[in-house]
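Chemist: Below: one structure in structure tokens.
The values are calculated or read from the model by the stated rules, or taken from the named source; none is laboratory data. On a predicted model such as this, the values are computed, not experimentally measured, just so you know. Note: ideal-geometry Cβ built from the backbone for every residue, glycine included; neighbour counts use all protein chains shown. Keep in mind that these areas ignore ligands, DNA and RNA; they rest on the heavy atoms of the full protein, side chains included. Shrake-Rupley method; radii C 1.70, N 1.55, O 1.52, S 1.80 Å.
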Amino acid sequence: MSTLQKASASKNPKTARGQRTRNKLLDAAEIAFGEEGFHATSIGDITGRAQVALGTFYVYFDSKDEIFRALVAHMGHMVRSWIAERVAGATDRLDAEFKGLVAYIEFARAHRNLYRIIEEAQFVAPDAYKAHYERFAEGYQRNLREAEERGELRSGDADTRAWALIGMSVFLGLKFGIWDTERSPEAIARDAIDMISGGLKP
């Protein structure tokens, strides 16, 4: 465990009230970093939006860098939980892909700061950026292997498939979650699943 991870772990809230305060700070950081960017945002901006005292910030985080990294991990957890809830009743892997893509686009529309924060992490906190996608890939690989064992997919490399599907979701979320929100997530997901299940061959 790194020094930063140890410091963060030692500041994990011990009470429900403490967790609520920490979440308020993360919610405020999502807005501040999303609207202003990492470098233009100050700790005072975050505490002002959260409506907590400056000293309260340091109960939970040591620095702006630490809360930014925590926010990247927090948003990744939010996305994964959001999707997991919505694919829980899927009938098979392709149905899970459909429901998961719908959920991802809906999340992108509801949390429009997601892309700016995650993309800025590529330069501000590259290890957090890499970990964000690796966490997705780990779960994806496991789900694909299990689906293959159930006979829902033909055999193939789960690692390559996971990253390919993640890449598709990320850019469909950017295009139809941020830039162009006219089409329904279901219509977009149907077109994408048609390509996944049938390929591009005529």
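Chemist: In Å², what does the accessible area per residue of the chain work out to with a 1.4 Å probe?
Modeler: That works out to 55 Å² for each residue.
Chemist: What net charge do the residues around Arg183 carry, taking every other residue with its C-beta under 11 Å from that of Arg183, with Lys and Arg at +1 and Asp and Glu at -1?
Modeler: Overall, the nearby charge balance is -2.
Chemist: When the chain is fully extended, how far beyond the present Cα-Cα distance does Ser197 get from Thr91, taking 0.36 nm per residue of separation?
Modeler: Gain on stretching Ser197 to Thr91: 36.7 nm.
Chemist: List the longest stretch of the chain that has no exposed loop site; here a site is one of the GluC sites (Glu not before Pro) assigned by DSSP to anything other than H, G, I, E or B, with at most 15 other Cβ within 10 Å.
Modeler: 1-151
Chemist: What translational diffusion coefficient, to the nearest whole µm²/s, does segment 148-202 have by Stokes-Einstein, given a Kirkwood radius computed over alpha-carbon pairs, a temperature of 20 °C and 1.002 mPa s viscosity?
Modeler: Value of D from the Cα-based Kirkwood radius: 168 µm²/s.
Chemist: Hey, another quick one. Excluding same-chain residues fewer than 8 positions from Lys99, which lysines have a Cα within less than 17 Å of its Cα?
Modeler: Of all the lysines, none pass the test against Lys99 - Cα under 17 Å, at least 8 places apart if same chain.
Chemist: Please report the equivalent ellipsoid semi-axes of segment 1-103, computed as sqrt(5 x eigenvalue) of the Cα gyration tensor, largest first, in whole Å.
Modeler: 30, 16, 13
Chemist: Also, quick follow-up: For the chain, what does the convex hull of the Cα positions come to per residue, in cubic angstrom?
Modeler: With only Cα atoms used, the chain gives 147 Å³ per residue.
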